[in-house]
Amino acid sequence: MKIQRYVFLHILAVTTTAFQSTTNFGIGSTSRLSLRKASEDERQPMVELKKNLQSLSVACLVAISASTALPHPVDAAGYGSLTEEQKFVAEAWRTVDSAYLDRTFNGQDWFQLRETYVKKKYKNLAEAQDAVNEMISKLGDKYTRYLSPAKYQSMVDSATGTLAGVGVEIATDKDGKVMVSDVEPGSPAQKAGLLPNDLFIEGDGFKFDKSSTPDDVALKLRGPVGSRVGVTISRNGETKDFIITREPIKVTSVRSYVGKGNVGVIRIKSFSGTTEELVKEKVEELKKKGVKEIVFDLRSNPGGLLPGGVNTAGLFLEANKPVVFVVSNKGIVDAQETFTDGLDLETPIVILVDHNTASAAEVFTAALKENGRAKVVGEQTFGKGIIQTVRELSDKNGGVAVTIARYETPKHNDINK
């Protein structure tokens, strides 16, 4: 499905409030824009946004198939007589300042924060890294964060396919505890005996607590091909230990089967550049088996690549239907809509979601729901409607993930909670 884009100027002064709808899709409302083709003057800023979108980092799975273009390091030269640690802090500040979506910086005096943290005297780089974490945390955005050298390199290796894992999908339960949400068939994790709903207690010698995130667990489970990792989980109140050998993981992102009542079920674990074609194949297979209704299971789908969600939604929409709006920090809106009729415009569709359905998965869900093409059932979704880029810092000092844009649904609801 080809998607065409329009560009708009957008006023970012609209306040959005998340709410839970009758279909449990967690979204908020904003003002509506009128469609018009972009002028030449407006297209140039959009080129910059598209370049940023190409560097989108999508992480949270132990093994996720994604290709990410990582920008060159920001040059830290020209800071005069600052120490190396102070230069590091100043560079991190400038990296965030140049691209961050919320130009109010969460109501903080962002320039005063620079003065405060850059002028501090640091005994070593570790102290400066702590200061950067503290400074960025004041933005109140958990997705804009400092990445230590180890975490940054792990992200790069994962994106370029040079890192191995154990083959589990990681999410959080309703209590915020990190858990196994799915196990890849034939993976080291399945062979070892890990099961969905197992709660992570420890990984590679590191104990997890209430503050631990899926990212933290994934970092410990990934590593060189052939290396071994110790994993401790809790299952029904019982603690179990596993020693698992890491292997390259090929994620089966799309599966299908025929359920009760001759209903076709398509499970999408994450969206990538191949999802559209895979879903197309599964739909055609299911229709040959005589299914009269399709259920898309997007539970624990953390998103993935935005184009994957947009193009897959286009398979089920008529031409000239809005799919998503992407709003940059400069107030430019990239309006993406269908260009031709999709593959299937008639088969009834139900989308099953839960509290871990996020990002591109929410874009797909909203596109079909708000165009009247699908019903949504399940829980309120996660509410991640923002885009991050990852910028490397100089001297191999890690990197910074920065929120650079946000999504709006076809009816201009803000997905982000």
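The values are calculated or read from the model by the stated rules, or taken from the named source; none is laboratory data. Here the structure is a predicted model, which means the values were calculated and not measured. When we count neighbours, we look across all protein chains shown, and the Cβ atoms used for this are built from the backbone with ideal geometry, even at glycine. Side chains are part of the model used for accessible areas, which takes the heavy atoms of the whole protein and leaves out ligands, DNA and RNA. Shrake-Rupley method; radii C 1.70, N 1.55, O 1.52, S 1.80 Å.
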- When the residues of region 193-215 are filtered to those that are in contact with a Phe, Trp or Tyr (Cβ under 7 Å, 6 or more places away or on another chain) and open to solvent by 40 Å² or more (accessible area, probe 1.4 Å), which remaining residue is farthest from residue 245 (Cα to Cα)? 201
- Which one of 414, 395 is over 26 Å from residue 253 (Cα atoms), acidic (Asp, Glu) and surrounded by 19 or more Cβ atoms within 10 Å (Cβ to Cβ)? 414
- Tell me, which strands (runs of 3 or more DSSP E) wholly within region 201-295 include 1 or more residues that are of a type in the set (Ser, Thr, Tyr) and in contact (Cβ under 8 Å) with a residue 24 or more places away in the chain? 228-235, 238-245, 254-258
- Query: In the set 320, 371, 301, 329, which member is closer than 27 Å to residue 101 by Cα and open to solvent by 20 Å² or more (accessible area, probe 1.4 Å)?
  - Reply: 329
- Message: Please pick out the residue among 302, 348 that is closer than 25 Å to residue 253 by Cα and within 17 Å of the chain's Cα centre (by Cα).
- Response: 302
- Starting from region 382-393, take each residue that is in contact (Cβ under 8 Å) with a residue 24 or more places away in the chain and at positive phi and list its partners that are assigned to a strand (DSSP E or B) and open to solvent by 30 Å² or more (accessible area, probe 1.4 Å), counting only C-beta distances under 7 angstrom and pairs at least six apart or across chains. 383/18
- Query: Looking only at region 265-281, which residues are touching a Leu at 6+ places or on another chain (Cβ under 7 Å) and either closer than 12 Å to residue 305 by Cα or buried (at least 23 other Cβ atoms within 10 Å of the Cβ) (or both)?
  - Reply: 268, 270, 271, 272, 273, 276, 279
- Message: Testing residue 352 on (1) under 21 Å from residue 172 (Cβ atoms); (2) part of a strand (DSSP E or B); (3) open to solvent by less than 30 Å² (accessible area, probe 1.4 Å), one condition comes back false. Which one is that?
- Response: (3)
- Scope region 138-154; condition among the polar types (S, T, N, Q) and outside any helix (DSSP H, G or I); matching residues: 144, 148
- Those residues of region 296-316 which are in a loop (DSSP other than H, G, I, E, B) and touching a residue at least 60 places away in the same chain (Cβ under 8 Å) amount to 298, 299, 300, 301, 302, 303, 305, 315
- Taking residue 365 and the conditions (1) outside any loop (DSSP other than H, G, I, E, B); (2) in contact with a helix residue (DSSP H, G or I) (Cβ under 7 Å, 6 or more places away or on another chain); (3) closer than 23 Å to residue 281 by Cβ, which numbered condition does it fall short on, given that it satisfies the others? (2)
- residue 363 being at pLDDT 95 or above, over 30 Å from residue 95 (Cα atoms) and in contact with a strand residue (DSSP E or B) (Cβ under 6 Å, 6 or more places away or on another chain): no
- Note on the structure: Residues in region 117-137 that are open to solvent by less than 70 Å² (accessible area, probe 1.4 Å), part of a helix (DSSP H, G or I) and farther than 17 Å from residue 399 by Cβ total 3
- Task: Could you identify the single residue in 295, 326, 283 that is in contact with a helix residue (DSSP H, G or I) (Cβ under 8 Å, 6 or more places away or on another chain) and either of a type in the set (A, V, I, L, M, F, W, C) or more than 20 Å from residue 383 (Cβ to Cβ) (or both)?
- Result: 326
- Query: Taking the stated definitions as given, is residue 377 out of contact with any helix residue (DSSP H, G or I) (no Cβ under 8 Å at 6 or more places or on another chain), of a type in the set (A, V, I, L, M), in a strand (DSSP E or B) and at pLDDT 95 or above?
  - Reply: yes
- Task: May I ask you to verify whether residue 177 is free of Cβ contacts under 8 Å to residues at least 12 places away in the same chain and on the phi < 0 side of the Ramachandran plot?
- Result: no
- Query: So how many residues does region 94-116 have that are assigned to a helix (DSSP H, G or I) and within 23 Å of the chain's Cα centre (by Cα)?
  - Reply: 7
